[in-house]
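In what follows, a structure is listed as structure tokens, so that the remarks can point back to it.
The values are calculated or read from the model by the stated rules, or taken from the named source; none is laboratory data. As the structure is a prediction and not an experimental result, all values here were calculated from the model. No Cβ is skipped: glycine too gets one built from the backbone with ideal geometry, and neighbour counts run over all protein chains shown.
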Amino acid sequence: WLLVLGSANVDECLRGYLTKYDCSSADINPIGSISKTDLRSFLQWAAVNLGYPVLAQVEAAPPTAELEPLIDGQQPQLDEIDMGMTYAELSLYGRLRKVARAGPVAMYNACAAMWRGRLAPGAIASKVKDFFRFYSINRHKATVLTPAYHMESYSPDDNRYDHRQFLYNISWPWQFKRIDELVARDEAAAAAAAAPQATTSAAAAVVADGVPPADMK
């Protein structure tokens, strides 16, 4: 018997980073329900605990579809650059979308809470919008995904575990408008929180110079 094995992971399926009826076609996909992040963690574990050290080299290799010739022995094409988002981000989006049942607005709120202080609200909104735009454009590809060994609840297998519509309004007019409103709210809150700190810092600097501020005279 001859079986063709697929190699697309959850993140690539959600992003639509595969070709329908082409590179995604196979008889069975052993890793089709696993995110790249979890797969890399398994490879690290297996390299040590199962006695296959070569798996550590596989895990350390930069993710690439090898679509372009090597330049000085290096891959000029990298998946994360092509996709415009990292596998770590896609893993988070996938869990929020499926396990937490988050749409665009709920995902923005969740990411804003997790990334507060690291990214500006506008940058977070841009990431969430990009994900849902690509997700909605490419959701139709999930209807013909190769059957995968089901291991995780965040699997996007449209035929068995993730029954959803596959035609969307890719502009998400209400959701994206609401996200813009939340961004304005969060930016205003951040500015208001920063104002007293700036005043306190200025007062401390004046006191350090030996001149008390007006409200301390």
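Scanning region 32-52 for residues being β-branched (Val, Ile, Thr) and surrounded by fewer than 17 Cβ atoms within 10 Å (Cβ to Cβ) gives a total of 1. Candidates are the residues of region 72-97 that are charged (D, E, K, R) and closer than 19 Å to residue 41 by Cβ; the one that is farthest from the chain's Cα centre (by Cα) is 79. Note on region 64-92: residues that are modelled with pLDDT under 85 and not hydrophobic (A, V, I, L, M, F, W, C) amount to 10. Of all the residues in region 97-125, those that are within 20 Å of residue 151 (Cβ to Cβ) and crowded, with 21+ Cβ neighbours inside 10 Å number 1. If you go through region 19-46 and pick out every residue that is touching a Lys or Arg at 6+ places or on another chain (Cβ under 8 Å) and of a type outside the set (Ser, Thr, Tyr), you end up with 1.
Tallying residues that are in a loop (DSSP other than H, G, I, E, B) and not β-branched (Val, Ile, Thr) within region 128-147 yields 2. Selection of region 148-163 for residues being in a loop (DSSP other than H, G, I, E, B) and either surrounded by 15 or more Cβ atoms within 10 Å (Cβ to Cβ) or under 20 Å from the mean Cα position of the chain (by Cα) (or both) yields 151, 152, 153, 154, 155, 156, 157, 158, 161, 162. Among the residues of region 126-139, are any hydrophobic (A, V, I, L, M, F, W, C), surrounded by 13 or more Cβ atoms within 10 Å (Cβ to Cβ) and at pLDDT below 95? Checked against the condition, which is being hydrophobic (A, V, I, L, M, F, W, C), surrounded by 13 or more Cβ atoms within 10 Å (Cβ to Cβ) and at pLDDT below 95, region 126-139 yields no hits at all.
You will find that of 207, 183, the residue that is touching a Pro at 6+ places or on another chain (Cβ under 9 Å) and at pLDDT 60 or above is 183 and no other. In region 19-55, the qualifying residues are those that are farther than 19 Å from residue 152 by Cα and among the polar types (S, T, N, Q), and the one that is modelled with the highest pLDDT is 49.
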